[in-house]
Amino acid sequence: MKRLSIGTRLTLSYLLIFAAAQLIFGVGMWIILRHKLYDIADDTLESRIDDIQHFLQAQPKDASVAKLQEEITETYVLEHSGDYLQVQDEQGSWIYRASFLEKNNAYIATSRELQSPLYEDRKIAGRRIRFLSEVVEVYGRRFIVQTGTPEGDILGTLHFFQRSLWLSALVIIFFASGVGFWLSRKALAPVDAITRTARSINAANLNRRLEKLNTGDELQRLSDTLNEMLSRIESAFQRISRFTADASHELRTPISLMRTEAEIALRKSRDEGEYQEALRHILAEAERTSTLIEKLLSLARADAGRESLDIRPMNLRETMEKVANDWRQVVAVHRLNFTQNILDKDLFIAGDRTALVRLANILLDNAVKYTPAGGSIEIAVHQSNENAVFTVKDTGIGISDDDQPKIFERFYRADKARSRELGGAGLGLAIAHWIVEQHRGSITVKSSLGNGSQFGVLFPLHTELNSNET
């Protein structure tokens, strides 16, 4: 079943709420009007009882029943107030009884039943009548007086008011439905515009944005949020496109070299040494390609959230000392001076040992690649406030100020020609940056052309373990 549109649902909700309010208002007004009308009728009945009492008080104290019958009949038989009047003394003798009530043998309560004035509604011969029955005491004699008034006018007024309420409610609800529909359409018009624009955006025009609203309400926040999301999507799409293009380019170069080397080797017969040399070149390019693919897969797993780290308490000082020892011979082979300045104190952090070794290897590998023979490399570990700091410093070619903000981007190389010559693909620092982020740390670079570089990595200390060591 197709769901109703938001505009239709808003209009229906508005109508239901408005109709409920109308119903509550109408019922309330009807109850109030009914109460007031019956109050007026009761006041009239009470005044008639008072008139009867005054009339009886005006008669002689020792007036007989017959005399009272004569006087009251003469007074009330021609008046409308006597149409529904019954007066009886305590002995059961009728002083006055309206012909209509006598004809229909209307019941009148006894004095024992009338401990207080009794209001009641009766239907006699098809007529709805409201009665007031009360005991009146005059000169020591007790009389039961019952007087009534037709409810026809009251009921007619209530019925007319009820019909008027229904009619006015229908007119108002019809008008309100139109206004509600118009308001909902007007309020949701920006949503339709947003929908149309959003549907027109695809991979070819990700730079397009939704119309900026200045309404200062939820719709403006929605539009701004969607525009921000589109900016992120565009940025991610551009990174993916650039990543795909760069990866294709990086893979094409070694594959082309291997293919060319193999084609040259197969053009004519060669001796064993030449074949071995060609195979060595192919193997070197294959290893370089394998390393590149492994880095690409690592970044892809990281982007997909499938590259998980085994974070646990570890000693950064101990780990970096082992890394330094492993690199000492490599640095010597490249005729570089190597120094380590590692704090003689355990520094515990929450980290993945394998990932941190990889991070150190990336930074030291870059330092060795871009530092000419005779230069120096330093690895250091120290504490700064509540953080452990790991640095790799070299006296290499350095990085320009323009390149420094971009060196952690994928496939970015400050010296592209030399990086490719040295086997670099511009992925190492991107991986290093990801590792640092996973450890909730930060990585910075200080460098200038010709004066070397210093990479600093800051990790939060594991407070509990370090306090125990202290």
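The values are calculated or read from the model by the stated rules, or taken from the named source; none is laboratory data. Computed from a prediction, not measured in an experiment: that's the story for all the values here. Neighbour counts are summed over all protein chains in view; Cβ atoms, including those assigned to glycine, are modelled from backbone coordinates with ideal geometry. We work out accessible area using only protein heavy atoms, side chains counted, and drop any ligands, DNA or RNA first. Shrake-Rupley method; radii C 1.70, N 1.55, O 1.52, S 1.80 Å.
Of note:
- Of all DSSP beta bridges confined to the chain, the antiparallel ones make up roughly 90%.
- Peptides ranked, highest mean first, by Cβ atoms within 10 Å: ranges 58-66, 89-97: 89-97, 58-66
- For the stretch 126-143, Karplus couplings with θ = phi - 60° (6.51, -1.76, 1.60), whole Hz, Gly/Pro x: x, 9, 8, 10, 9, 10, 10, 10, 7, 8, 10, 10, 10, 6, x, 9, 9, 10
- Label assignment, Cα extents along the principal axes in Å derived from the structure, set (1) 88, 46, 44; (2) 174, 53, 36; (3) 158, 61, 38: (3)
- Helix 65-76 and the long axis of the chain differ in direction by around 60°, with both axes built from C-alpha atoms.
- The stretch 62-159, relative contact order in percent, only Cα pairs under 8 angstrom and at least six apart counted: 24
- Ranked packing of 43-52, 173-182, 346-355, 142-151, most packed first, by mean Cβ within 10 Å: 142-151, 346-355, 43-52, 173-182
- Bridging of Lys393 to aspartates and glutamates at a Cα separation below 16 Å is possible for Glu321, Asp365, Glu378, once same-chain residues fewer than 8 apart are set aside.
- Normalised contact order of the chain, rounded percent, pairs of Cα under 8 Å and 6 or more residues apart: 10
- Solvent accessible area, Å² - His382, 1.4 Å probe, full protein context: 80
- Surface share of carbon and sulfur [accessible, 1.4 angstrom probe, percent] for the chain: 55
- Accessible surface computed residue by residue for the chain, with neighbouring protein chains in place and a 1.4 Å probe, gives 61 Å² per residue.
- Per-residue SASA entry for Leu37, accessible area with 1.4 Å probe, Å² rounded to 10: 30
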